[in-house]
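See below for the structure under consideration.
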Amino acid sequence: MARIAREEMKKRLAVYFIMGSQNSERPAVDVLKEALDGGVTLFQFREKGAGALQGAEKEALARQLQRLCRAHGVPLIVNDDVELAIAIDADGVHVGQDDEDARRVREKIGDKILGVSAHNVEEARAAIEAGADYIGVGPIYPTRSKEDANEAQGPEILRSLREQGIAIPIVAIGGITVDNAQAVIEAGADGVSVISAIASASEPKAVAAALAAAVQAARSR
Ligand code: 3NM
């Protein structure tokens, strides 16, 4: 398999749902199933924070979620656990600035998708150099889903990165909802990444569909 093409990556980032068992009071499998039915285009398994599963339990949940993703033709990315990604033959890995070095991750995962979190133009350039297929930029708006999140930067950070020549696919993250999704696409993101908008929704399917519609509408302007 070759590295994912830039245009395909951009398409896949449209509605990027991130979740671990800690993000919902309902079983993760049920939430993901509904989200996929609503039109999620990419999924990240992020088992992190208080109460997160470990070891065999973590791997078992990852495999369950992977079966659902495969049934929907949606790639599964593992957050910050290269060994797990390789063990289950996931479609990719996402690392933050404090996680394993992106260049080393690229060496370990071959052509799998590599996502890297970036907060400014220097980190964006370094991620591109290291072999990232996309960067995650945030938090755009205040978030309660990440304990060590930086201060919200607003959609202006996206505009600024594009103006400085950063052409890699970008997914915006942090506090994104159906109401502000269009604004971040218009500012330069290729897609929106959300935890709580979908994981805490009473109707994940409806929210995923509304996010997909908002991204589509903003893209076709
Ligand atoms: N990373 P919600 S913000 C996982 O800024 C994550 O890099 C962020 O959750 C970053 O959609 C974030 O509930 C949490 O705000 C996003």
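The values are calculated or read from the model by the stated rules, or taken from the named source; none is laboratory data. Since we're looking at a predicted model, the values are computed, not measured. Using ideal geometry, Cβ is built from the backbone for each residue, glycine included, and neighbour counts are taken over all protein chains shown. Keep in mind that these areas ignore ligands, DNA and RNA; they rest on the heavy atoms of the full protein, side chains included. Shrake-Rupley method; radii C 1.70, N 1.55, O 1.52, S 1.80 Å.
The figures follow:
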item	result
Qualifying aspartates and glutamates (Cα of each under 18 Å from Cα of Lys108; at least 8 residues distant if same chain)	Asp80, Asp81, Glu83, Asp89, Asp91, Asp98, Asp99, Glu100, Glu129, Asp133
Most to least packed among 131-144, 87-100 [average Cβ atoms within 10 Å]	131-144, 87-100
The chain - accessible surface per residue (Å², probe 1.4 Å)	46
Those lysines that a straight Cα-Cα span of less than 17 Å connects to Lys48, excepting residues fewer than 8 apart in one chain	Lys58, Lys146
Sum of -39500 (n - 2.57) over DSSP H runs of 4+, divided by residues of the chain (222 nm, nearest 500)	-12000 deg cm²/dmol
For Leu42, residues with placed amide H under 5 Å, excluding near neighbours	Val15, Phe17
Residue-by-residue Karplus 3J(HN,Hα) for the stretch 140-148, coefficients 6.51, -1.76, 1.60, Hz, glycine and proline x	6, 10, x, 10, 10, 9, 10, 5, 9
Packing rank of 165-178, 182-195, where each peptide gets the mean count of other beta carbons within 10 Å, highest leading	182-195, 165-178
